[in-house]
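See structure below.
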Amino acid sequence: MKHLLSINDLDKGSAISLLNLAVEMQQVNSREVKKLPALNGRTVANLFFEDSTRTKISFELAAKRLSADVINFTAKGSSVSKGESLKDTVQTIEAMGVEALIVRHHHSGAANTIANSTWSTSAVINAGDGTHEHPTQGLLDSLTIRQRLKGAVDKGDLAGVRVLIAGDILHSRVARSNLLLLRLLGAKVGIVGPATLVPDDARILADFIYFNFDEALADKFDVVMMLRMQRERMNSAFIPNETEYSTLWGLSESRFKALSSETLIMHPGPMNRGLEISSAAADSPQSAILDQVTNGVAVRMAVLYKLLAQETSLK
Ligand code: NCD
């Protein structure tokens, strides 16, 4: 069975071909009838053990646009509250005839556990596991960068593109998937944040590391990708206080205005407006934040199509 658990499941060629397939899916999504028959009669389950707005809806829409039947499982309100295990939850859902699981979980490695188990036979797509990875977010971000910087129908890699990832990198599966994919596609990636929130593995992957946001911004990146400060994953005092965080690490209106008018602003959402990003930056024409959301549907259609309709290995 084929899975998408990590960007490491892709190589450069397969990543680019997924992005190009997503461009074809965008054409379907721009038609009046936004539907392909590819997964007619197939059943996909959204298995969300952690809250989500855009990822869950985006996967649901992607599966429906390929004509699959979709069921939505959220841990809240399910038998998980009665102590049902991950294994029993998965087996129960599979027993009803589901063949793909889109898994979001608060534990890093949860999607891998299901995919590599003897008790699941489904194709597994990692929709965000703990602080580990969020591969479809990486793909939709690369598609957004490619289209905004190189044009809607570009079919190439991201060589020559410079991306700065800023903020709470430690807790961000988005940062990890982006570091892997952007570098696979030939981009140069800088990371910046308070030292307590910049972990060793990200330092190894990055091309440039900064601990001062203004110094990083002065180095003129094509893309500034802001990350949410993930209060819910912070079990100790990583930052002095939120006022200081926003002063030192926020893309404030004045920092935003000092950037070139060509700099693309990104954020995976949900945003803490006024903390890591100002409304001036988030709502500007330079912001690609809603493009990221739109592109998420096409990218997830491409991934579901490859794994379920073509049943080909991603690499
Ligand atoms: C992110 C996530 O859940 O990993 N959001 C998303 O999927 N678009 C980022 C976050 O929670 O900050």
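The values are calculated or read from the model by the stated rules, or taken from the named source; none is laboratory data. This one's a predicted model, so the numbers in the text were calculated from it and none came from an experiment. Cβ placement follows ideal geometry from the backbone for every residue including glycine, while neighbour counts extend to all protein chains displayed. Calculation scope for accessible area: heavy atoms of the full protein, side chains included, ligands and nucleic acids excluded. Shrake-Rupley method; radii C 1.70, N 1.55, O 1.52, S 1.80 Å.
Quick check: residue separation of Ser117 and Thr74 times 0.36 nm, minus the Cα distance between them. What number comes out in nm?
Details: separation 43, 0.36 × 43 = 15.48 nm, distance 2.12 nm.
Here the answer is 13.4 nm.
Filter the chain for me: DSSP H helices, axial length by Cα at least 15 angstrom, mean Kyte-Doolittle hydropathy not below -1.0. List them by residue number. Could the numbers behind the result be given before it?
Numbers: long enough: 12-29 (25 Å, 0.36); 54-65 (16 Å, -0.59); 135-150 (22 Å, -0.49); 173-184 (17 Å, 0.60); 289-304 (23 Å, 1.14).
Once both thresholds are applied, what remains is 12-29, 54-65, 135-150, 173-184, 289-304.
Calculate the length of the line joining the C-alpha centroid of segment 68-137 to that of segment 26-45, in whole Å.
23 Å
Placing unit charges on C-beta atoms (Lys and Arg positive, Asp and Glu negative, everything else neutral), compute the dipole magnitude of the chain about its Cα centre in debye, rounded to 20.
On the way: 34 positive and 34 negative charges, 139 e Å.
In debye, rounded to 20, the chain gives about 660.
State, to one decimal in nm, how far the label point of Ser30 lies from the label point of Thr92, with both points 7 Å from Cα in the Cβ direction.
Placing both labels 7 Å beyond Cα along the Cβ direction yields 4.4 nm.
At 1.4 Å probe size, with the rest of the protein present, what percent of the exposed accessible area of segment 135-288 is carbon and sulfur atoms?
About 52 percent, which is the carbon plus sulfur part of the accessible surface.
What number comes out for the charge environment of Arg148, summing +1 per Lys or Arg and -1 per Asp or Glu over other residues with Cβ under 12 Å away? Walk me through the numbers on the way to the answer.
Details: positive: Arg146, Lys150; negative: Asp141, Asp154, Asp222, Glu262, Asp291.
Result for the neighbourhood of Arg148: -3.
Based on the Cα coordinates of segment 27-181, what is the per residue volume of their convex hull in Å³? Walk me through the numbers on the way to the answer.
Details: hull volume 21.5 nm³, N = 155.
Each residue corresponds to 139 Å³ of Cα convex hull volume.
For segment 135-288, what's the relative contact order in percent, using C-alpha pairs closer than 8 Å and at least 6 residues apart? Intermediate results must be reported in sequence, preceding the final value.
Numbers: 265 pairs, mean separation 34.8, N = 154.
Result for segment 135-288 is 23 percent.
Just to be sure I understand: with springs between alpha-carbon atoms less than 10 Å apart, which residue in Gly83, Gly250, Gly138 has the highest mean-square fluctuation in the Gaussian network model of the chain?
Fluctuation is largest for Gly83.
Averaging sequence separations of C-alpha pairs under 8 Å and six or more residues apart, then dividing by the length of the chain, give the relative contact order as a whole percent. Walk me through the numbers on the way to the answer.
Working: 607 pairs, mean separation 68.1, N = 315.
In percent, rounded to a whole number, it is 22.
Just the accessible area per residue of the chain, please: how many Å² with a 1.4 Å probe? Please list the in-between numbers first.
Details: 12980 Å² over 315 residues.
Per-residue value: 41 Å².
Please list 114-121, 227-234 highest first by mean number of surrounding beta-carbon atoms within 10 Å per residue. Walk me through the numbers before you get to the answer.
On the way: 114-121: 14.9, 227-234: 17.2.
Result, highest mean Cβ count within 10 Å first: 227-234, 114-121.
log10 I(q)/I(0), Debye, Cα-only segment 135-288, no solvent, q = 0.12 Å⁻¹?
Taking Cα atoms of segment 135-288 as identical point scatterers yields -0.45.
Between Asn8 and Lys155, how high is the FRET efficiency from 1/(1 + (r/R0)^6) when r is the Cβ-Cβ distance and R₀ = 22 Å? Nearest 0.05. Spell out each step's value before the answer.
On the way: r = 23 Å, r/R0 = 1.05.
Result of the calculation: an efficiency of 0.45.
Per the Kirkwood definition applied to all pairs of different Cα atoms, how many angstroms is the hydrodynamic radius of segment 241-315? Don't skip to the end; give the middle numbers.
Numbers: mean 1/r = 0.0693 Å⁻¹.
This gives a value of 14.4 Å.
Could you run the Karplus curve 6.51 cos²θ - 1.76 cosθ + 1.60 with θ = phi - 60° over segment 259-272 and give me ³J(HN,Hα) per residue in whole Hz, x for Gly and Pro?
For segment 259-272, the Karplus curve yields 7, 4, 6, 8, 5, 8, 9, 10, 7, x, x, x, 8, 9 Hz.
Under 5 Å between amide H atoms, partner at least 5 residues away or on a different chain: which partners does His106 have, H built in plane at 1.01 Å?
Long-range HN contacts for His106: Gly130.
Mind listing the long-range amide H neighbours of Phe208? Cut-off is under 5 Å, sequence gap 5 or more, other chains count too, H placed in the peptide plane at 1.01 Å from N.
Those lying under 5 Å, H to H, from Phe208 are Val189, Gly190, Ile191.
Could you work out the local net charge near Trp119, counting Lys and Arg as +1, Asp and Glu as -1, over the other residues with Cβ closer than 11 Å to its Cβ? Working shown, then result.
Details: positive: Lys87; negative: Asp88, Glu94.
Computed value for this residue: -1.
Over the chain, what lengths in whole Å, largest first, do the semi-axes of the equivalent ellipsoid take, defined as the square roots of 5 times the eigenvalues of the alpha-carbon gyration tensor? Please list the in-between numbers first.
Details: eigenvalues 204, 107, 57 Å².
They are 32, 23, 17 Å, listed largest first.
If each residue of separation counts as 0.36 nm, what is the full-extension length gain between Asp200 and Glu84 once their alpha-carbon separation is subtracted?
Numbers: separation 116, 0.36 × 116 = 41.76 nm, distance 3.53 nm.
Gain on stretching Asp200 to Glu84: 38.2 nm.
Could you derive backbone 3J(HN,Hα) for segment 103-112 from the dihedral phi with the Karplus parameters 6.51, -1.76 and 1.60 (θ = phi - 60°), listing whole Hz in sequence and x where the residue is Gly or Pro?
10, 10, 8, 6, 9, 4, x, 5, 5, 4
Express in nm, to one decimal, how much length is gained between Glu215 and Glu253 on full extension, taking 0.36 nm for each residue of separation and deducting their alpha carbon distance. Kindly include the intermediate steps, with their values, before the conclusion.
Details: separation 38, 0.36 × 38 = 13.68 nm, distance 1.67 nm.
Additional length available on full extension: 12.0 nm.
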